[in-house]
Amino acid sequence: MAEKNIVQTIHDTLWEEMKENDRVLVMGEDVGARGGVFRATADFLDEFGETRVLDTPLAESSIVGLAIGMALHGLIPVAEIQFADFIHPAFDQLVSEAARLRYRSNGDFAVPMVVRAPYGGGVHGALYHSQSIEAFYGHVPGLKVVVPATPYDVKGMLRTAIRDPDPVLFLEHKKTYRLIKGEVPDEPFEVPIGKADVKREGDDLTCVAYGLMLHYCLEAAGKLADEDGVSVEVVDVRTIAPLDKETILESVRKTGKAMVVYEDNRTYGAGAEIVATIAEEAMFDLDGPLVRVGGPDIPAMPFSGPLEHFFMPNVEGIHAAMKELAEF
Amino acid sequence: MAEKNIVQTIHDTLWEEMKENDRVLVMGEDVGARGGVFRATADFLDEFGETRVLDTPLAESSIVGLAIGMALHGLIPVAEIQFADFIHPAFDQLVSEAARLRYRSNGDFAVPMVVRAPYGGGVHGALYHSQSIEAFYGHVPGLKVVVPATPYDVKGMLRTAIRDPDPVLFLEHKKTYRLIKGEVPDEPFEVPIGKADVKREGDDLTCVAYGLMLHYCLEAAGKLADEDGVSVEVVDVRTIAPLDKETILESVRKTGKAMVVYEDNRTYGAGAEIVATIAEEAMFDLDGPLVRVGGPDIPAMPFSGPLEHFFMPNVEGIHAAMKELAEF
Amino acid sequence: MATRVKQKRPTDRHSRLGLTEDDLMAMYRTMVTARLCDEQQFRLNRQGKAPFVVPVSGHEGCQVGTAWPLIKGTDIFVPYYRDLAVCLVAGMTAKDIFLGVFAKADDPSSGGRQMPAHWGHRRLGIISGSSPIATQMPHASGIAYAMKYLGQEAIVGCWFGDGATSEGDWHEALNFAGIHDLPIVFVCENNLYAISVPLSKQMGIKDVSVRGEAYGFPGVSVDGNDVLACYEVMQEAVDRARSGGGPTLIECKTYRFFPHTSDDDDRTYRTREEVEEAKKKDPIPAFANYLKQAGIIDDDKVETLREELKAEIDKEVDEAWNAADPEPESALRHVFAEED
Amino acid sequence: MATRVKQKRPTDRHSRLGLTEDDLMAMYRTMVTARLCDEQQFRLNRQGKAPFVVPVSGHEGCQVGTAWPLIKGTDIFVPYYRDLAVCLVAGMTAKDIFLGVFAKADDPSSGGRQMPAHWGHRRLGIISGSSPIATQMPHASGIAYAMKYLGQEAIVGCWFGDGATSEGDWHEALNFAGIHDLPIVFVCENNLYAISVPLSKQMGIKDVSVRGEAYGFPGVSVDGNDVLACYEVMQEAVDRARSGGGPTLIECKTYRFFPHTSDDDDRTYRTREEVEEAKKKDPIPAFANYLKQAGIIDDDKVETLREELKAEIDKEVDEAWNAADPEPESALRHVFAEED
Ligand SMILES: Cc1ncc(C[n+]2csc(CCOP(=O)(O)OP(=O)(O)O)c2C)c(N)n1
Ligand SMILES: Cc1ncc(C[n+]2csc(CCOP(=O)(O)OP(=O)(O)O)c2C)c(N)n1
Ligand SMILES: [Mg+2]
Ligand SMILES: [Mg+2]
């Protein structure tokens, strides 16, 4: 057991997986000598060599396309997209190829691969280093999309993703990289893909979130408990697709009130599906409105401090929304 | 006034716009001598010449990227993506560039352009010629996404789109191309982007739909009126983004019951946002559950008749869902 | 620099290439089988029994010639939809092909899920292909990288059309292969059109092969109507790839005799004269002539062989036609791995 | 075939190129201004006043040399983030640059919305750029197509790094320009690295310029540390483009003296020796020497000029620093056109 931050956990877990299975390789821009711009593969080159620590050309479509080919031929590539904002050139390879190879071949082919992408804002990354992308890929059957937010979940889910027989998009909120620390068991373990997790138990209302917002929600829930004596249950979605409806609905049926918090542009965001699911399946268990807290519908997060601050949902805003819903 | 089908209407409207403004050009794969694989630009080459009827190389990212450049330099490109399924290589150019140029330049630059894409299934097009893509692009602030479903709306909205100062993704359900006919005024007129339209008035429940499904819903609503004396109000979304909440909510508040029908994969589809919006803003006006009818969450529509039929929502299923909701 | 392979025209070319008379006959049978399957599938299309078919006619020479040097069971085939004859060489049967044409449950490529001509067959080493053009190219380079990674003496053959060269994926795949000297051969079947778009609107050059140099490996153009010439350049490229010499870009100059697909009307963009001219260079009679001059077959043999093959194909077409459709609910299967 | 331009080294090169002494001094001032802005922005970064900066040092010669031949008000500049000096040539001031560095409301590029060095200025003909590499390339070709469409005698200059050449968009943009003989010049600032990835892992070739031939137009490599050599090849390319001769691919061999950005640590992938070696070929002293040998300036002048420019820049930095931040709610503006 050791306390680690998120990026360290990713580094160590990848290292263990590379040690355990020599068909696992990491690939991407600057993953070699540079050890990744976030240092997730620091020292990998010396330990595992050029073939298994592959510095790719600056071309995301082929990073994913090459990984597909490697997976088709018996390797288990873990591809790093330097910033999630730069995964878009690979949209076709992910949607038309990775997600469909098993289906279109009637189960004859499979592509066990992981695509890692640091996403999310609040890091002064401006329009192209702050984006949330889970809504785009959550809508792609054949693709698994995970968003672990704690070091424990990151280790367990990364191991599970590497062992998954299908392609997994592994999203890491880059602001949590060094901000979020936690206890991580030294021995390997798996956290299942497709299972949400109640990160804080409560009775008065259910708050569904993931990524950085999970932590903001937990903080706001703590504040609400201390200052207002309101007990909020916080559900960590953890997997965007396939979505774990049961855990969410169970909590909502228990508390009777629900809100969803996400950083991405609000409209047509992942929160829409979660709210819609609750509305369809638990509306008559609700004794309050369904509430969404999300980023504004502007193209992306600006660079200037005041503008970036304006974009990001924050603890105060979430706390206020929780309070209002609780008092409804 | 003349009766026309949808693809003929697109052809004639583009023709009129090209005649009216010589800065308007059409571009794409096979739009020249071939007149487009759906004949939307038939005879354009002879009339307007190679420069304004541009057969592009087989490269969608650059079709959109080139159009952006042309729009930046005073032209009004109308780019055709041969099938919406093939727009994915251009995802980055649409999301990172077209949708953000105005925003990122603080209003200094603009890209007035239209990207036309035939989408949707039921045409025996299999996994890669049947796809719905509106959910991906509806989630992109800075992009307008329209889905007109009648010849009248197609003419009015295509004209509006070409005159719009911002990029418009113009989605045409390819099964409606020859299936749907209607009266179209000869003189030019505009139908606003961002306004939904009540295509059938009713009191008992609201059915929200667009594209091919709009027509299935209208047929089912007719059946319900004749056979079951139930009066369904059918709202044609017409514009996916920006979404016209008011028209939808007004109808729902009137009828007290709402369902959304769409052909795309159900989960994280456009219907999720519509249901979520109704749940957030009109839940207490509802006296029935919120219902979604959508395509299954499988990667795409298969080729084989029985499999394709299994995928497509149909009039019978919609009728049954309406009936059940009405009787709730 | 791209080189254009000149062929002398003696009748012992095959022995120089190490091909026996049996090899030649097997190649010829495959070419004729492809042609007959094509004629048959268009007949079925006109009869309304096959809603959508993709022709191969005109490409049989370059497909059989370039597919032949690959070692089955070891090497990997990454074809595109036009490659019916490549798939025959890889081991598909006429029945396999028509199970796809009729979208039957036993269609080995996709169980009727994909359009016909979207090939795939794991056991035969044919990678499942999709419709989006050029997406298979990075897969091919990735497979070649994996072969090197695993220390296999295997190579990848990757086929595509002239239109495919315009896609970003095409560039990215060749660039990566060049950086790592991968065991792969890129084969362009240049039939001068991408549906209706002529080569002059597809690229600012005449020979795709000049692009080899842009990626640091050889490019070569060859007469796609000459099956032995195609075999020769491919064999050289395969040997180079297998021995660690890296990739080759081969451009086969060929022509598509039929419309792009059964949905296309090529009269809108090609004159009948142009098509008739091209047909005079038909790779099948050209190869038959070589075989005759080499004294391996005569006109009767050509006829009887054709009849023989046609009868066999008709039988397989019937079997395919009578095979079962997929179950509707089976549409829900294979989205993800199934627990067993 | 790509050609490598050889330069004789006499002191009358500029007159042969039609450049007056005033031209030379203006070019020199621009190069020094770029260098001083760079030093200043890194100083501010260390002081915590500039959270993120992108260096230009080392690229001043190839940027000023290749930007100079464009006609302001007519031609269009499509730079990438490294191109501080290109933007100075196009007409940006040090104040403009630091308004961006400080993300102020009056930042002409984006009003503080984008990271520094994401240039854009409609009036100056500088197209707004984003972070995703190579996405500007098809825009550049599209603009060039529009110029032809509109019958303008204008041309486009499009700048990018060696890493950008790997993106599909790069290929698609050059391919289209080659097909239509567009009035455009593609300028690669090859500094041998894409962040940490060396050229050998970026492409299987030594000279990017060989790729011109793959698209049907000339490719030329030039010493990026020699501003006049860069000017010469660019002037030729611009003339050819303007007179309907089509595109040119120019590769400037250069080097980045600082880390990739203020967030980078280049010691992980470059030896200090390598960097020091490169600095010996610094384009600024090299040009100063030419000016001295040509008797246009002397050492004092070099010093006073530097002091002069530094003072001016410091003034503009202060003005920029004291300018207003954007209003938070203004984040909602300019998603779409605003009714007026
Ligand atoms: C990404 C993409 N864009 C467009 C299409 C539509 N399309 C199918 S085949 C084709 C032409 C391909 O031409 P080429 O590569 O030369 O192969 P050929 O058919 O000539 O053998 C086009 C445009 C597609 N399938 N995928
Ligand atoms: C599509 C995309 N992928 C990755 C990045 C991250 N990134 C920013 S700059 C850069 C290297 C660019 O190198 P090069 O084109 O040679 O230009 P240089 O910085 O050397 O001048 C990378 C990988 C990006 N901005 N965009
Ligand atoms: Mg072709
Ligand atoms: Mg570089």
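The values are calculated or read from the model by the stated rules, or taken from the named source; none is laboratory data. Values in this document were obtained by computation on a predicted structure and should not be read as measured data. Note that we place each Cβ from the backbone using ideal geometry, even for glycine, and neighbour counts take in every protein chain shown.
Points to keep in mind about this one:
- Count of segment D:148-160 residues which are over 17 Å from residue D:210 (Cβ atoms) and either touching a strand residue (DSSP E or B) at 6+ places or on another chain (Cβ under 6 Å) or within 9 Å of ligand 2 (Cβ to nearest atom) (or both): 4
- Of the residues making up segment A:208-240, those that are of a type outside the set (S, T, N, Q), assigned to a strand (DSSP E or B) and within 17 Å of the chain's Cα centre (by Cα) are A:208, A:209, A:234, A:235, A:236, A:240.
- Strands (runs of 3 or more DSSP E) contained in segment A:146-204 and holding at least 3 residues modelled with pLDDT of 95 or more and touching a Leu at 6+ places or on another chain (Cβ under 8 Å): A:168-173
- Test: residue in segment B:145-162 that is more than 12 Å from the chain's Cα centre (by Cα) and at the interface with another protein chain (Cβ under 10 Å from one of its Cβ atoms): no
- Scan of segment A:278-295 for residues that are more than 8 Å from every other protein chain (Cβ to nearest Cβ) and over 19 Å from the mean Cα position of the chain (by Cα), ordered by number: A:281, A:282, A:285, A:287, A:288
- Residue in segment B:93-106 that is closer than 30 Å to residue B:183 by Cα, within 18 Å of the chain's Cα centre (by Cα), at pLDDT 95 or above and in a helix (DSSP H, G or I) present: no
- Looking across segment C:251-261, the residues that are within 23 Å of residue B:123 (Cβ to Cβ) and surrounded by fewer than 21 Cβ atoms within 10 Å (Cβ to Cβ) come down to C:258, C:259, C:261.
- Scanning segment D:106-113 for residues that are in contact with a Gly (Cβ under 9 Å, 6 or more places away or on another chain), in a helix (DSSP H, G or I), free of Cβ contacts under 8 Å to residues at least 40 places away in the same chain and away from ligand 1 (no atom under 16 Å from the Cβ) turns up nothing.
- Considering segment C:164-184, the residues that are over 17 Å from residue C:210 (Cβ atoms) and in contact with a strand residue (DSSP E or B) (Cβ under 7 Å, 6 or more places away or on another chain) include one that is farthest from ligand 3 (Cβ to nearest atom), namely C:183.
- Residue check for residue C:210: more than 26 Å from residue C:131 (Cα to Cα), outside any helix (DSSP H, G or I) and away from ligand 1 (no atom under 16 Å from the Cβ): no
- The residues on offer are D:106, D:96, and the sole one that is within 14 Å of chain A (Cβ to nearest Cβ), more than 27 Å from residue B:67 (Cβ to Cβ) and among the acidic types (Asp, Glu) is D:106.
- Segment C:315-339, subset surrounded by fewer than 16 Cβ atoms within 10 Å (Cβ to Cβ) and closer than 16 Å to residue A:102 by Cα, residue nearest to the other protein chains (Cβ to nearest Cβ): C:337
- Residue match in segment A:241-256 (condition: hydrophobic (A, V, I, L, M, F, W, C) and in contact (Cβ under 8 Å) with a residue 60 or more places away in the chain): yes
- Qualifying residues in segment C:133-160 (those that are surrounded by fewer than 24 Cβ atoms within 10 Å (Cβ to Cβ) and not aliphatic (A, V, I, L, M)) - the one nearest to the other protein chains (Cβ to nearest Cβ): C:149
- Looking only at residues in segment D:180-217 that are closer than 23 Å to residue B:69 by Cα and surrounded by fewer than 24 Cβ atoms within 10 Å (Cβ to Cβ), the one that is nearest to the other protein chains (Cβ to nearest Cβ) is D:216.
- Any hit, segment D:165-178, residues being within 14 Å of chain C (Cβ to nearest Cβ) and farther than 20 Å from residue B:67 by Cα: yes
- Hits in segment A:93-127 (condition: more than 21 Å from residue C:128 (Cβ to Cβ) and out of contact with any strand residue (DSSP E or B) (no Cβ under 7 Å at 6 or more places or on another chain)): A:122, A:123, A:124, A:125, A:126, A:127
- Only listed residue being away from ligand 4 (no atom under 16 Å from the Cβ), modelled with pLDDT of 95 or more and at positive phi, chosen from D:151, D:168: D:151
- Of all residues assigned to segment D:225-242, none qualifies as being in a strand (DSSP E or B) and crowded, with 22+ Cβ neighbours inside 10 Å.
- Scanning segment C:262-277 for residues that are within 11 Å of another protein chain (Cβ to nearest Cβ) and in a helix (DSSP H, G or I), we see that the one that is surrounded by the most Cβ atoms within 10 Å (Cβ to Cβ) is C:266.
- Conditions (1) more than 25 Å from residue C:54 (Cα to Cα); (2) free of Cβ contacts under 8 Å to residues at least 24 places away in the same chain; number of the one not met by residue C:280: (1)
- Residues of segment D:243-261 satisfying the condition of being more than 16 Å from ligand 2 (Cβ to nearest atom) and part of a loop (DSSP other than H, G, I, E, B): D:243, D:244, D:245, D:246, D:247
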